[in-house]
Amino acid sequence: MEWMDDIYSKKIAGMRKSLIRELLKLTQKPEMISFAGGLPSPLTFPQEEIAELARDVILKEGSWALQYGATEGITLFKEQIIEFMKEDGEDVCLDNILVTTASQQGLDMVGRVFINSGDIVIMGRPTYVGAIAAFRGYEANFVDIELDEHGMKTDLLEKKLAELKEQNLKPKFIYTVPDFQNPAGVTLSLERRKHMLELAREYGIIIIEDTPYRELRYVGEHVPSIYSLDQNAGYVVALHTFSKILFPGLRLGWITAHTDVIDKFVLAKQAMDLCSPPLCQAIAYEYCRRGLLRGHIAETIEIYREKRAAMLEALTRYMPQHPEITWTEPEGGLFLWVILPENVDVDKMFHKAIEENVAFVPGTAFHADGGGKNTLRLNFSYPSPEQIDIGIRRLARTIENSLPG
Ligand SMILES: Cc1ncc(COP(=O)(O)O)c(C=O)c1O
């Protein structure tokens, strides 16, 4: 309504509708095969175990599980997180951890805690659309650094940081999804992780390391987190979540950072939601305490490994033979990234794909400046291997028909 035009804050007026959410509405038809969302497979949800364990924990631990909790998170639960992280070579203590309402809240808190209007934030190109949305909400200016199959090109990052310094500009932070990145599926090499950290130290900038897919590796070698390389020196704030390793309906995650930074996050979170749901923390606590999480992750990996293989196989089989059509081969996570010839407009092609009953996310969603017009993201965790085969055949046909004659 017109009279409402000036009732909103500048921040909300500057926010745009999430393309992904709009697209997801189009993909509800039963005949649609969707590679668009970033949804975990419901096959991985441990329904029986959670149902039984939730009843148990409410009856046994109800006095705290149904009560308000500390903003930092419930200590018993944080102790389980510490144990879980130890197995990944991470050494954190209670004061380095803040429990969050999953990592999207972590991203919003990062915005609140670090960004002043006009501050420069360095991102990958492409990058996670939810991070663009969260930081845009705090009026960040984005500088993006190209990725290749080994993640963000840190030689370009080095050049950019020097260039900005010459202009007396100091970025607020570098945002990175180093493991099986959303959207590109690529993993930052160990060498580049070390280089990024060196640069962060040299220029006095922090790194926001967003790690939702870290535990979901299907092939290749484990790479240490940037947080562990920093050895708690304070240059890295790491975001973690249970969304992809347990189930996203839990809405539970955690941040690890230097205690000084955690203190600021606590202040921000107090104003947001007082605390993340103690009931969810109690369920996750009990799940971990019973030693179920690692086994569950191993089962999830088996399911996704098969789906990843199905998608790579289908792409090889059906995609048009063209020197400028390439895709990434992720070693883990939920996504891969397709690059088409420069002159293909994927936003336009999307509507044709919908007519063919196959959906994906156009790459422009993952570029703060609307670039990436010839790229797209495919999710392989949600559809079945059979659907993947049929869907990629439909997609390949749509691409074939969109190639300029
Ligand atoms: C890179 C990245 N960060 C953060 C999130 C937010 O996840 P959640 O809030 O469920 O933890 C996602 C979700 O897909 C993601 O891909």
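If you average the C-alpha positions of the stretch 106-132 and of the stretch 30-66 separately, how far apart do those two centres end up, in angstrom?
29 Å
How many angstrom lie between the Cα centre of the stretch 195-261 and the Cα centre of the stretch 141-165?
Computed from Cα coordinates, the inter-centre distance equals 19 Å.
Of the accessible area of the stretch 63-291, with the probe set at 1.4 angstrom, what percent is carbon plus sulfur?
Details: 4250 of 8830 Å².
Taking all protein chains in place, the stretch 63-291 shows 48 percent carbon and sulfur surface.
With viscosity set to 0.692 mPa s at 37 °C, what whole-number translational diffusion coefficient in µm²/s follows for the stretch 111-237 from Stokes-Einstein and a Kirkwood radius over Cα pairs? Before the final figure, lay out the partial values.
Working: Rh = 14.7 Å.
Translational diffusion coefficient: 224 µm²/s.
Starting with the highest mean, order 28-35, 202-209 by the number of other Cβ atoms within 10 Å, averaged over the residues of each peptide. List each step's numbers first, then the result.
On the way: 28-35: 15.0, 202-209: 19.5.
Descending packing order for the listed peptides: 202-209, 28-35.
Given the alpha-carbon gyration tensor of the stretch 69-117, what are the semi-axes of its equivalent ellipsoid in whole angstrom, ordered largest first, with each equal to the square root of 5 times an eigenvalue?
Sorted largest first and rounded, they come to 23, 13, 9 Å.
Output the pairs from K78/K172; K160/K194; K244/K307; K348/K373; K352/K373 with a Cα-Cα distance over 19 Å in this structure; if there are none, say none.
The pairs that break the limit, which is 19 Å between Cα atoms, are K78/K172.
Largest first and to the nearest Å, give the Cα extent of the stretch 63-291 along each principal axis.
Principal extents (Cα only, largest first): 57, 40, 29 Å.
May I have the extent of the alpha carbons of the chain along their three principal axes, as whole Å values ordered from largest to smallest?
The principal-axis extents, from largest down, are 66, 57, 56 Å.
Please list, or write none, the aspartates and glutamates whose alpha carbon is within less than 14 Å of the alpha carbon of K86, excluding same-chain residues fewer than 8 places away.
E215
Which residue, K269, K373, K60, has the most motion in a Gaussian network model of the chain that connects Cα atoms within less than 10 Å?
For the chain, modelled as a Gaussian network with Cα springs under 10 Å, the answer is K60.
What shape does the stretch 260-336 have by the C-alpha gyration tensor, where a ≥ b ≥ c are the square roots of the eigenvalues, rounded means a/c under 1.5, and otherwise prolate means a/b greater than b/c and oblate the rest?
On the way: a/c = 4.24, a/b = 1.90, b/c = 2.23.
Since a/c reaches 1.5 but b/c is at least a/b, the shape of the stretch 260-336 is classed as oblate.
The values are calculated or read from the model by the stated rules, or taken from the named source; none is laboratory data. Because the structure is a prediction, the values reported are computed rather than measured. Note: ideal-geometry Cβ built from the backbone for every residue, glycine included; neighbour counts use all protein chains shown. For accessibility, only protein heavy atoms count, side chains too; no ligands or nucleic acids. Shrake-Rupley method; radii C 1.70, N 1.55, O 1.52, S 1.80 Å.
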